[in-house]
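Have a look at the structure below before the remarks.
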Amino acid sequence: MAIAEGSFFARRRRRAPGRAALSFTNERIGLVVVGRGPGFAVERPAGTDPAATLAALVREAGAAGTPTEWVLDPGQYQLLQVEKPAVPPAEWVQALRWKVRDLLPFPTEDAVMDAFEVPGLDSRGRPPSLYLAASRKEELRPRIAQIAAAGLVLERIGIADLAWAEVVRQAAASDDSLAALVLDPRGGSMLALREQRLFVARRFEFDGEDQRALRDPAGGRGERLFERIALELQRTLDYFDRNHQRPPPRRLLLAAGVEGLEGLEEALRRLLGIEVQAIDAGSHWPLLATAPAPARLRLAALAAAGSAA
């Protein structure tokens, strides 16, 4: 069933005090609990037994029985922009299954999907569009079982793009056009919002040379990486300007949750001529203040998702 932005893959209503948000991959596990005591926010390496690591985190947080949102990392789902079918929202996903069968790297019969609307395109005479998020069922099922075994009550599955849109809303509440750049070890997610609504979501991946620059920025590699990031961001801003009848973003919120990007904030100001503001996650979500800097930024998406109304 197609549902509203922010409740992707919803399962059932919350039924207990306190909320948790979870990031769960083979590399690391993040858990944020809000609305219960002082809160809890920790990220750990997944280790050789991610299920055991998660169970230990839940025990440490005292979070057994807490309603939880699992926020999928970008590599755990596909996000496609597709033309909105002329059916009620509840029928969007079913109507789109056959249309996207050649766009997904797995059969649509094995896909769990949800959709949310891309606002503003009709004002330019373009067909209204949806963002369609899709994940492979067989990749989600083992994690869902491990989440339940750890004692959390999984109430919905969300996606990083919508969680980071919520970060922007909470960290910089504004009806003006805003851009956000979220960098992780694999690449970057770029968002454009207006009137607190998500208009554009784009993704790029770091290649081998980019990864080398993160490890060792000497010899001009760091500056070339900054130029590459600026180019990808400029493409997103250009797309927003071409396709949405809104003033272009002149302010960028930066969340660099990865080492090796010192100097990026100033480089983006210089290369793009845009105001750049690094997100101060510890200020906006005090329970994150003691986490290491890169983890603090990664956990911001969970804090925003968990504290969203």
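Please treat every number below as a calculation from the coordinates, not as lab data. Computed from a predicted structure; not experimentally measured. Backbone-built Cβ (ideal geometry, glycine too); neighbour counts: all protein chains shown.
Using only Cα atoms, what Kirkwood radius does the chain have, in angstroms?
20.1
Please get the size of the charge dipole for the range 172-279, origin at its Cα centre, with Cβ charges of +1 on Lys and Arg and -1 on Asp and Glu, quoted in debye to the nearest 20.
Using only the charged Cβ atoms, the result is roughly 300 debye.
Add -39500 (n - 2.57) for each DSSP H run of 4 or more in the chain, then divide by its residues: what number comes out at 222 nm, to the nearest 500 deg cm²/dmol?
Calculated at 222 nm, the ellipticity per residue is -10000 deg cm²/dmol.
Can you put 48, 66, 25 in order, fewest other beta carbons within 10 Å first?
Ordered from fewest to most neighbouring Cβ atoms within 10 Å, 48, 66, 25 come out as 48, 25, 66.
Might you report the magnitude of the Cβ-based charge dipole of the range 127-177 about its Cα centre, with Lys and Arg at +1 and Asp and Glu at -1, to the nearest 20 debye?
About 340 debye.
By counting other Cβ atoms within 10 Å of each Cβ, how are 135, 129 ranked from fewest to most?
If I rank by nearby Cβ atoms, fewest first, I get 129, 135.
Ordered by residue, what ³J(HN,Hα) values in Hz, to whole numbers, does the range 260-266 give under the Karplus form 6.51 cos²θ - 1.76 cosθ + 1.60, where θ = phi - 60° and Gly and Pro are x?
Using θ = phi - 60°, the values come out as x, 10, 4, x, 5, 4, 5 Hz.
Quick one: 3J(HN,Hα) in Hz for the range 247-253, Karplus 6.51/-1.76/1.60 with θ = phi - 60°, rounded, Gly and Pro as x.
These are the phi-based 3J(HN,Hα) values: x, x, x, 10, 9, 10, 9 Hz.
Using 0.36 nm per residue of separation minus the Cα-Cα distance, give me the extension gain between residue 109 and residue 27 in nm, one decimal.
Full extension from residue 109 to residue 27 adds 26.7 nm.
Provide the percentage of antiparallel DSSP beta bridges, counting only those with both residues in the range 163-303; round to the nearest 5. Display every interim value, and only then the final one.
Values: 15 of 24 bridges.
Expressed as a percentage, antiparallel bridges in the range 163-303 total about 60.
Quick one: work out Rg over Rh on the C-alpha atoms of the range 152-204, Rh as Kirkwood radius. Walk me through the intermediate numbers first.
Details: Rg = 12.1 Å, Rh = 11.8 Å.
Rg divided by Rh gives 1.02.
Report for the chain the percent antiparallel among DSSP-assigned beta bridges with both residues inside it, nearest 5.
70
Quick check on the range 217-309: take the gyration tensor over C-alpha atoms, sort the square-rooted eigenvalues as a ≥ b ≥ c, and tell me if it's rounded (a/c under 1.5), prolate or oblate.
Cα axes put the range 217-309 in the oblate bin.
Tell me, what is the Rg over Rh of the range 172-279, with Rh the Kirkwood radius over Cα pairs?
Dividing the radius of gyration by the Kirkwood radius yields 0.97.
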